[in-house]
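To start, the structure itself, in structure tokens.
The values are calculated or read from the model by the stated rules, or taken from the named source; none is laboratory data. Everything quoted here is computed from the prediction, not taken from an experiment. Cβ placement follows ideal geometry from the backbone for every residue including glycine, while neighbour counts extend to all protein chains displayed. Surface accessibility is based on the protein's heavy atoms, side chains included, excluding ligands, DNA and RNA. Shrake-Rupley method; radii C 1.70, N 1.55, O 1.52, S 1.80 Å.
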Amino acid sequence: MKTADIRSTFLDYFRSKGHTIVPSSSLVPASDPTLLFTNSGMVQFKNVFLGSEKLSYVRAADVQRCLRAGGKHNDLDSVGYTARHHTFFEMLGNWSFGDYFKRDAIAFAWELLTGVFKLPKDKLWVTVYHTDDEAFDIWNKEVGVPAERIVRIGDNKGAPYASDNFWQMADTGPCGPCTEIFFDHGEEIAGGPPGSPDEDGDRYIEIWNLVFMQFDRAPDGTLSPLPAPCVDTGMGLERLAAVLQHVHSNYEIDLFQHLIKVAAELTSTQDLANKSLRVIADHIRACSFLIVDGVLPSNEGRGYVLRRIIRRALRHGWMLGVRGDFFWKMVKPLVEEMGEAYPELAQKQAFVEDALRTEERRFGETLENGMRLFDAVAANASGSIPGADAFRLYDTYGFPIDLTADIARERGLTVDMDGFEQAMEEQQDRSRKGGKFEAKGLMPAELASQLQPTAFLGYEALTSQGSTV
Ligand code: ATP
Ligand code: MG
Ligand code: MG
Ligand code: MG
């Protein structure tokens, strides 16, 4: 089944169950200062859960474009390393606003997966929140999932991929216990079932998360009940497509194969499974949709996240031997692949190409020299890239610190982050004393606090700030 058919089958199913189909909202949350990007389908409904907004319907479904490259949900560092993570992805979702709750949410999900999409029941595993006996019993006694394939999971203790069955959009706001559905891709793939020590592997892949929204978390961490219990679900389109197309990695689905083929042509790469091609194919989606949604490369906030993703993609092109611009040429195949589902992407094709080409040529001027400096530093480094060198790469060559860290990681090195931050502070002191313009918000740690809605700054944002190239 093609990705496009999966979208429509999902929506048709929930339409037949009385759900109103709503359009995807922007990647830039409309007026939510707690959130950098739309990271899930529920974002546009946050105020409905909280009770401050009323809709004319109590059931909804949609296909939401999401970005997880900053803030609470950040998968940028997993891209290229797992079979299942993207920065940009599409989330299929259905909601109940004070209407149905656990029983129907679980029954709908099971019927769609096993009755409509015909997934084999014995390959599906589920998790429930450790204290949620009600969900456990629905799965076990009503749906018939054997107890040995139902895993009780608690709260994440901070491990990067460790499962966590208490879902939160951000540090504050609507949240609640959840139940997740996993697909077992088979014993030839490394990884254990959810809740086991090697659950981080890619054998058991989470496809759908059903959240039972019951609480609002305040900034001091306390939970208060929502006006009415709600249901919020999210299923990764690309992960479901991988299952339905009998491939293991999201990057092998129809939508990605076309992008990867074009990336291979543009970079003269033979091996279609090359990790850099996957990163480039992932990043062109994130970058193009961010630009469609009004973000442009800049040195702060959302624009800086975009700049970081573009520069990561360009560095992967460089690794494949590209010495000129190529990345903006990926917009056309992306439009061919996704322009029908997202007409705004097709309409803005030329604009997106221009914005990317401008950034590409800008970074192209320093990438080569920066890589030369990195190689020289790495040759002398004993385990760690000194902070002063990371700062020089950043300040003179426009290497965002996470880009330097990513290159270092590939070579088994780390970066002295404290040293980098110290060098940054020293430079800011100098520029303050010298009365120069102070470049603000450049530190990755500060990105999450750069939460003002991004104003549309046009191309001025490309040239107006700081000393970073
Ligand atoms: P994982 O544990 O695999 O990182 P998650 O629990 O963080 O996933 P949720 O926040 O529950 O993900 O999001 C709902 C669904 O969206 C997931 O079940 C998955 O299918 C999909 N999804 C989440 N993150 C990504 C991503 N980075 N790329 C692609 N799909 C994703
Ligand atoms: Mg995750
Ligand atoms: Mg998970
Ligand atoms: Mg989940």
- Query: Can you name the residue in region 30-48 that is away from ligand 1 (no atom under 16 Å from the Cβ) and of a type outside the set (Ser, Thr, Tyr) and, of all such residues, is nearest to residue 96 (Cα to Cα)?
  - Reply: 48
- Item | Residue check for residue 339: surrounded by 15 or more Cβ atoms within 10 Å (Cβ to Cβ), of a type outside the set (Val, Ile, Thr) and within 30 Å of residue 253 (Cβ to Cβ) | yes
- Task: Would you check which residues across region 244-254 are surrounded by fewer than 22 Cβ atoms within 10 Å (Cβ to Cβ) and assigned to a helix (DSSP H, G or I) and list them?
- Result: 244, 252, 254
- Message: Cβ-Cβ distance below 9 Å, separation of 6 or more or different chains: which pairs start in region 144-171 with a residue that is in a helix (DSSP H, G or I) and end on one that is modelled with pLDDT under 85 and away from ligand 1 (no atom under 13 Å from the Cβ)?
- Response: none
- Scope region 369-386; condition touching a helix residue (DSSP H, G or I) at 6+ places or on another chain (Cβ under 7 Å) and free of Cβ contacts under 8 Å to residues at least 24 places away in the same chain; matching residues: 377
- Message: Restricting to region 85-139, and then to whatever is in contact with an Asp or Glu (Cβ under 7 Å, 6 or more places away or on another chain), open to solvent by less than 30 Å² (accessible area, probe 1.4 Å) and outside any strand (DSSP E or B), can you tell me which residue is farthest from ligand 3 (Cβ to nearest atom)?
- Response: 102
- Task: Please specify each residue of region 200-233 satisfying the condition of being within 16 Å of ligand 2 (Cβ to nearest atom) and open to solvent by 30 Å² or more (accessible area, probe 1.4 Å).
- Result: 200, 206
- Keeping to region 86-110, report how many residues are out of contact with any Lys or Arg (no Cβ under 9 Å at 6 or more places or on another chain) and more than 16 Å from ligand 2 (Cβ to nearest atom). 8
- State whether one or more residues within region 417-429 are among the aromatic types (Phe, Trp, Tyr), part of a helix (DSSP H, G or I) and within 16 Å of residue 318 (Cβ to Cβ). no
- Task: Answer with yes or no whether residue 209 is within 16 Å of ligand 3 (Cβ to nearest atom), touching a residue at least 40 places away in the same chain (Cβ under 8 Å) and either touching a helix residue (DSSP H, G or I) at 6+ places or on another chain (Cβ under 9 Å) or at positive phi (or both).
- Result: no
- Message: Just checking, does region 226-234 include any residue being closer than 20 Å to residue 123 by Cα, within 15 Å of ligand 3 (Cβ to nearest atom) and either at pLDDT 90 or above or in contact with a strand residue (DSSP E or B) (Cβ under 7 Å, 6 or more places away or on another chain) (or both)?
- Response: yes
- Note on the structure: Taking region 40-68 and the residues there that are of a type in the set (S, T, N, Q) and assigned to a loop (DSSP other than H, G, I, E, B), the one that is nearest to residue 15 (Cα to Cα) would be 56
- Item | Test: residue in region 266-278 that is within 16 Å of the chain's Cα centre (by Cα) and either part of a helix (DSSP H, G or I) or within 23 Å of residue 362 (Cα to Cα) (or both) | yes
- Message: So in region 312-357, with the set limited to residues that are of a type in the set (Asp, Glu) and assigned to a helix (DSSP H, G or I), which one is farthest from residue 7 (Cα to Cα)?
- Response: 354
- Out of curiosity, is residue 451 modelled with pLDDT under 50 and surrounded by 14 or more Cβ atoms within 10 Å (Cβ to Cβ)? yes
- Item | Candidates 117, 49, filtered to the one that is in contact with a strand residue (DSSP E or B) (Cβ under 6 Å, 6 or more places away or on another chain) and among the aromatic types (Phe, Trp, Tyr) | 49
- Are any residues in region 163-199 farther than 19 Å from residue 234 by Cα, crowded, with 20+ Cβ neighbours inside 10 Å and away from ligand 3 (no atom under 14 Å from the Cβ), and if so, which ones? 185
- Item | Count - residues of region 1-47 that are of a type in the set (Val, Ile, Thr), modelled with pLDDT under 95 and either open to solvent by 20 Å² or more (accessible area, probe 1.4 Å) or touching a helix residue (DSSP H, G or I) at 6+ places or on another chain (Cβ under 9 Å) (or both) | 1
- Here are some conditions: (1) surrounded by 20 or more Cβ atoms within 10 Å (Cβ to Cβ); (2) farther than 15 Å from residue 281 by Cα. Residue 309 meets all but one. Which one does it not meet? (2)
- Looking at (1) farther than 30 Å from residue 328 by Cα; (2) surrounded by 18 or more Cβ atoms within 10 Å (Cβ to Cβ), which is the one condition that is false for residue 280? (1)
- Message: Given the criteria at pLDDT 95 or above, within 16 Å of ligand 3 (Cβ to nearest atom) and either among the acidic types (Asp, Glu) or open to solvent by 30 Å² or more (accessible area, probe 1.4 Å) (or both), does residue 68 qualify?
- Response: yes
- Identify, from the list 9, 3, 38, 20, the residue that is at negative phi and within 16 Å of ligand 2 (Cβ to nearest atom). 38
